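The values are calculated or read from the model by the stated rules, or taken from the named source; none is laboratory data. Predicted, not measured: the structure shown is a model, and the values here were computed from it. Counting neighbours? That spans all protein chains shown, and the Cβs are built from the backbone with ideal geometry, glycine included. Please note that ligands, DNA and RNA were not included when accessible areas were found on the heavy atoms of the full protein model with its side chains. Shrake-Rupley method; radii C 1.70, N 1.55, O 1.52, S 1.80 Å.
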Amino acid sequence: MSSSPLHESAPVTVRGACPHDCPDTCALLTTVQNGVAIRVAGNPQHRPTDGVLCAKVSKYPERTYHPERLLHPMKRVGPKGSGRFQRVGWDEALNAIATRLQIIASKHPEAILPYSYAGTMGLVQGDGMAARFFHRLGASLLDRTICASAGAEALTHTYGGKVGMKVEFFSESRLILIWGSNSIGSNLHFWRLAQEAKRRGARLVCIDPRKSETAEKCHEHIALRPGTDAALALALMHELIAHGWLDKDYIAQHTEGWDALRERALLWPPERAAEVCGVPVAQIRQLARDYGETAARGEPVAIRLNYGMQRVRGGGNAVRAVACLPALVGAWRHRAGGLLLSSSSQFPIQRAALQRPDLLAGRRPRTINMSTIGDDLLRPASRDFGPRIEALVVYNSNPVAVAPESGKVVAGFAREDLFTVVIEHFQTDTADYADYLLPATTQLEHWDIHSSYGHTDVLLNRPAIAPVGEARPNSQIFRDLAQRLGFADACFHDSDEAMCRQAFGREVDFQTLLAQGFVSLPVPEAPFAHGGFPTNTGKCTFDSSGLRALGQDGLPDHLPNNEPGGAHPDYPLAMISPPARNFLNSSFVNVKSLRDIEREPVLEIHPTDAAPRGILDGANLRVFNERGDYHCVARVSERARPGVVNGLGIWWRKFGQRGTNVNQLTSQRLTDIGRAPTFYDCHVQVESA
């Protein structure tokens, strides 16, 4: 029975943080009345958020109170993949899980694998208590590579860490290269700054194989072939050298390896790059002129790099090549100049205190790459691999939908001898294969603390409402399992608020976090104006001794794709799979209002590729290669460049045609640097279904 108006409480506002895998890491204000979250808005006091949220997160109450939200622990009663479960109590579920894990751990603890990524970016509900639990257990370690590790390691070999310019100063830039990013859909708050710069007279150039919503609104779009970004960057260097658009003083004082990089760049005249990239020579020359002359006039030039361009064989080299450009023209001298891919390394996170690797007690478990989970779940025990994976605990991820070569991923999850626990908000594709399905709290229901990879503020998330149904925070689920396994270490009794305090220790004032919800780190406005890169020498590293020690080329170079368009007679088209605008990886796919906007899984195909195949707009398609078939709907459009098709993702398989999604086609091959997946390095053929 609802309360009468006389007994309704006044609305209260609770400060929080967006948990999703997005560089913006917005500060949230949740309005709560009578214990119910009725509105989520951006915090206008937080400068990067500026009171604005994306369409996805503004609907967060719809997600929290979704009619299909998991509210109770569930036990599988049908075949794996059938999605048939029955409700059980927490004690029954936790006791059964603990018993099974204990039996496996008594023989081979490495046969147990945690699988998680960025379903929440929170440091507590992500890999705080969970890491403690798996370290104490001695389980296999997970190499979390599926999104960003190629670019992250490339930056580290160049700048010394994941560092860059402060995002707020893009509004003052005179030339902005938006490289490999559809910022309107995936980095909204940066896009607002870019628009402000545009109104002030800045020139915006989008570099992307796809004519995205962002590309349409820039002054120029350079539609290069997938995997050719390093060739373009090297050609820009060639032109900077040839025309003298270099800051020789900055190069001499604040970089190392210039002579070798200069020699490499001179091998890449614009004509060579144009042939590789599939763009006009004049376009490359003009881009170099714009970049070089703007910097030479003493005006700030900036690059917003994103992770799409590093999801190819040579992705790490491509990031390194682009990351060298700002130092060549002295762009770092300005607060509105330089490059931003990630700011993650600027956060003084106390990871050892949070994750407690000391609980391994000298053990050195193997490491499994999350991007090869399809192969690894099917791999037998061996001397090299170790024990077969016997148990999988999945949280903050949906690998059946998001991992590459999903046909193999499904086959692995379908193993009857694999014990699988999934901690989730909804019955995802992965949840359908669980033996036990445990309901987790959403961001509105628990404590957490956040860094960011797009700005330099720490954000605190306070619970706005009580847990819905019987949902529990990830942290509590792992505490409960630790207790049942007899782990007596005091750290398993730390509360979530205590762990939030531990995350940054004395580096961030927790009382300020409690009072205003965020704290800005004391990062210089122009962090590398006088060098000071976090490398061993303090210089931007063009020729990496670290890469040479690994047997790799220390200089950036163009590495052709494994599966370039036009190279295979049976699969002549290249395919990339950028995110659909209203989804975030596989999150929000089940929110009907957002799914209704996207309507159906589509493949964008250029008219010149559609016509000879007899493909009409709206036709049902079969997209295929040697790894499998994907069924979707044709969108004949010039958003796709000739020879390249765009399979927008990431739809849950259960919402796709014939139970497939685009990752049926992607491969488990890894990048040159960072052991990352090559989602955008994929050849296909397309035909009407």
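In the neighborhood of S406, defined by Cβ-to-Cβ distances under 10 Å, what is the net charge if each Lys or Arg adds +1 and each Asp or Glu adds -1?
Details: positive: K408, R627, R653; negative: E405, D429.
After counting each charged neighbour, the total is +1.
Computed from the coordinates I sent, Rg and Dmax of the Cα atoms in Å equals one of [x] 28.0, 93; [y] 24.9, 79; [z] 26.2, 86. Tell me the label.
Read-out from the structure maps to [y].
When the dipole is taken about the Cα centre of the range 418-544, and only Lys, Arg (+1) and Asp, Glu (-1) are charged at their Cβ, what size is it in debye, to the nearest 20?
Details: 7 positive and 17 negative charges, 70 e Å.
Rounded to the nearest 20 debye, it is 340 debye.
F655: accessible area at probe 1.4 Å, nearest 10 Å²?
70 Å²
Could you size up the charge dipole of the range 299-453 around its Cα centre, putting +1 on the beta carbon of Lys and Arg and -1 on that of Asp and Glu, and report it in debye to the nearest 20? Could the numbers behind the result be given before it?
On the way: 16 positive and 15 negative charges, 199 e Å.
The dipole of the range 299-453 has a size of about 960 debye.
So how far, in whole Å, is the C-alpha centre of the range 583-648 from the one of the range 324-396?
31 Å
Taking a cut-off of 26 Å between Cα atoms, list the lysines near K539, but don't count ones fewer than 8 places away on the same chain.
The reachable lysines, counting only those whose Cα sits under 26 Å from K539, are K162, K166, K248.
Rounded, prolate or oblate for the range 1-75? Axes are the square roots of the Cα gyration tensor eigenvalues, ordered a ≥ b ≥ c, and the cut-off for rounded is a/c under 1.5.
Working: a/c = 2.80, a/b = 1.24, b/c = 2.26.
Judged from the Cα gyration tensor, the range 1-75 comes out oblate (a/c at least 1.5, b/c at or above a/b).
When only C-alpha pairs under 8 Å and at least 6 residues apart count, what is the relative contact order of the range 370-409, in percent? Walk me through the numbers on the way to the answer.
Numbers: 31 pairs, mean separation 22.3, N = 40.
Relative contact order here is 56 percent.
What is the distance in Å between the Cα centres of the range 225-277 and the range 39-104?
Between the Cα centre of the range 225-277 and that of the range 39-104, the gap is 48 Å.
Output the relative contact order of the range 390-498, whole-number percent, from Cα pairs under 8 angstrom with separation of 6+ residues.
On the way: 138 pairs, mean separation 21.3, N = 109.
Relative contact order here is 20 percent.
What shape does the range 399-459 have by the C-alpha gyration tensor, where a ≥ b ≥ c are the square roots of the eigenvalues, rounded means a/c under 1.5, and otherwise prolate means a/b greater than b/c and oblate the rest? It would help to have the intermediate numbers written out before the result.
Values: a/c = 3.50, a/b = 1.78, b/c = 1.97.
Oblate shape, in that a/c is at least 1.5 and b/c is the bigger or equal ratio.
Could you tell me which of rounded, prolate or oblate describes the range 251-297, using a ≥ b ≥ c as the square roots of the eigenvalues of the alpha-carbon gyration tensor, with rounded for a/c under 1.5 and, failing that, prolate when a/b is larger than b/c and oblate otherwise? The partial results should precede the final answer.
Working: a/c = 3.79, a/b = 1.38, b/c = 2.75.
In terms of gyration-tensor shape, oblate.
Exactly which trypsin sites (Lys or Arg not before Pro) in the range 367-443 are in a DSSP loop and have at most 14 other Cβ atoms within 10 Å?
On the way: sites: R383, R388, K408, R415; in loops: R383, R388, R415.
Those that pass, being in a loop and sparsely packed, are R383.
Which of the trypsin sites (Lys or Arg not before Pro) found in the range 295-363 are loop residues per DSSP with 13 or fewer other Cβ atoms within 10 Å of their Cβ?
Details: sites: R297, R304, R311, R313, R320, R333, R335, R351, R363; in loops: R297, R311, R313, R335, R363.
Taking the range 295-363 and a limit of 13 other Cβ atoms within 10 Å, the loop trypsin sites (Lys or Arg not before Pro) found are R297, R363.
Counting GluC sites (Glu not before Pro) as exposed when in a DSSP loop with at most 15 other beta carbons within 10 Å, what is the longest stretch of the chain free of them? Provide the component values of the computation, followed by the final result.
Details: sites that count: E8, E68, E416, E470, E525, E626, E638.
My reading of the result: 69-415 is the longest stretch.
By the 4.7 Å beta carbon criterion, which cysteine residues of the chain come out unpaired?
For the chain, the answer is C22, C54, C147, C277, C324, C491, C500, C540, C632, C682, because their Cβ atoms have no other cysteine Cβ under 4.7 Å.
Probe 1.4 Å, all protein chains in place: accessible area of H243 in Å², nearest 10?
For H243, solvent-accessible area is about 90 Å².
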